[in-house]
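Contents: one structure, followed by commentary.
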Amino acid sequence: MTTSPQATSPHASAPPHLAIVLFSLAMGGFAIGTTEFASMSLLPFFAADLGIDEPTAGHAISAYALGVVLGAPLIAVLGARFARRTQLLVLMAVFALGNGFTALAPGYGWMIAARFLSGLPHGAYFGIAALVAASLVPYDRRSQAVGRLMLGLTSATIVGVPLANLIGQAAGWRASFGLVSLLALLTVLLCALFAPRDQGGRSDPLRELGALKSGQVWITLAIGAIGFGGMFAVYTYLATTLIEVTKVSPAVIPFFLAVFGIGATLGNLFVPRFADRALMPTAGGILLFSAGALLVFPLAAGNPWLLAADVFAIGAGVSLGAVLQTRLMDVAGDAQALAAALNHSAFNTANALGPFLGGVAIREGLGWTSTGPVGAALALAGFLIWIVACRDAGHAPVEISSGKDAAPLENAPARPAPPLAPDDRNRSDSAREPVA
């Protein structure tokens, strides 16, 4: 990402070391993405080790998603008075602890508890990191900044997940979760060194809870909670589908996981450029594109090369996350932290809903590829909610500012993103420096 022209101003939005700040934040996304997606690809292995069937083992994935759904809003509200940098460090430390417990889990019950603990920091971390990333660039490049942050998660699907899968096959699934714990500790170190310093007390729980009063916030969250479920319906059972339907060797599974990750990474790299010009039309286009790719899944599953192309397309739909994250910044008013965290609660609601409905179709005897049509139906349902969001937005102006307490604009050619400390009108120039 190039440096903004505002960087020459004493009140510049972009810090002199923007790339390394985004890299530090993205490393946390890399750790989170590795554990979230690798747990799905490792499902057959820890199911066998713990002596349970695969649908039951899928409860560990749901437990992680439940941790995200509950933890994101709770931590966002309770942490409202704390500095964002401090929150990032604590959240990654808890994430490291949860994955360390997962690696040591002696049985199914402990596994469920450890995955729930691991999920608690997920949404809050991404929410806070997204606000920090957006605050460092001009207003019209927020989606790109959030997309760069999300490259950590999507690059995990290229490198982290296949590597974790290979480690799981070679050294056992426990070693894979141990690797995630080490990545989380590396994130703590990087954020301690490079994350922007800010002061606590900029918001309060009641102000953050104000996000819950906005209908547009809830509609935007519903788009993600339903529309994103389709991708998870297919991805959760992809490894088993490859073995049972495509008839490939387990050794080839990491290749398909990497193809998915490449699609997700390129989607997050390029799609936000369109979103910064036309935010909601881009979200609608992603949902329709995803529905088409998911419908093709049963037809492509019999051929490894066709399936690889379709998995790539399904992965590209992950870019919906960065787009909806920016939308929430526009409609959340003063409750930026809670709305940003709730976005990941919504997507992990999708992470629970998609595998559940896909599992129901499989149990009903519809076959492993039935997850494709199930996923397409979820994407189309998300598109219907998108239509409602666009209709309602046409009747009420979108609230872009952060409220009456927002910091004033100073010599800015483009409107800046919500700053790290929106209520502090009197910060000195030294306090505005975003890099440690």
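For the range 32-149, the helices (runs of 4 or more DSSP H) that sit wholly inside it and include 1 or more residues that are open to solvent by 10 Å² or more (accessible area, probe 1.4 Å), in contact (Cβ under 8 Å) with a residue 24 or more places away in the chain and touching an Asp or Glu at 6+ places or on another chain (Cβ under 8 Å) are 43-50, 54-78, 84-104. Considering the range 241-283, the residues that are modelled with pLDDT of 85 or more, not in a helix (DSSP H, G or I) and not hydrophobic (A, V, I, L, M, F, W, C) include one that is most open to solvent (accessible area, probe 1.4 Å), namely Lys247. Within the range 134-171, the residues that satisfy the criterion of being closer than 22 Å to Tyr235 by Cβ and polar (S, T, N, Q) are Thr154, Ser155, Thr157, Asn165, Gln169. Check the range 182-189 and report whether any residue there is assigned to a helix (DSSP H, G or I), of a type in the set (Val, Ile, Thr) and either modelled with pLDDT under 90 or crowded, with 24+ Cβ neighbours inside 10 Å (or both). Yes: the range 182-189 contains one or more residues that are assigned to a helix (DSSP H, G or I), of a type in the set (Val, Ile, Thr) and either modelled with pLDDT under 90 or crowded, with 24+ Cβ neighbours inside 10 Å (or both).
Could you list, in sequence order, all residues of the range 223-240 that are assigned to a helix (DSSP H, G or I) and open to solvent by 30 Å² or more (accessible area, probe 1.4 Å)? Correct list: Ile226 only. Filtering the range 9-31 to residues that are open to solvent by less than 10 Å² (accessible area, probe 1.4 Å) and at pLDDT 80 or above leaves Val21, Ser24, Leu25, Gly28, Gly29, Ala31.
The values are calculated or read from the model by the stated rules, or taken from the named source; none is laboratory data. Given the structure is predicted, the values throughout are model-derived calculations rather than measurements. As a convention, Cβ positions derive from the backbone with ideal geometry for all residues, glycine included, and neighbour counts pool all protein chains shown. Note: areas computed on protein heavy atoms with side chains; ligands, DNA, RNA excluded. Shrake-Rupley method; radii C 1.70, N 1.55, O 1.52, S 1.80 Å.
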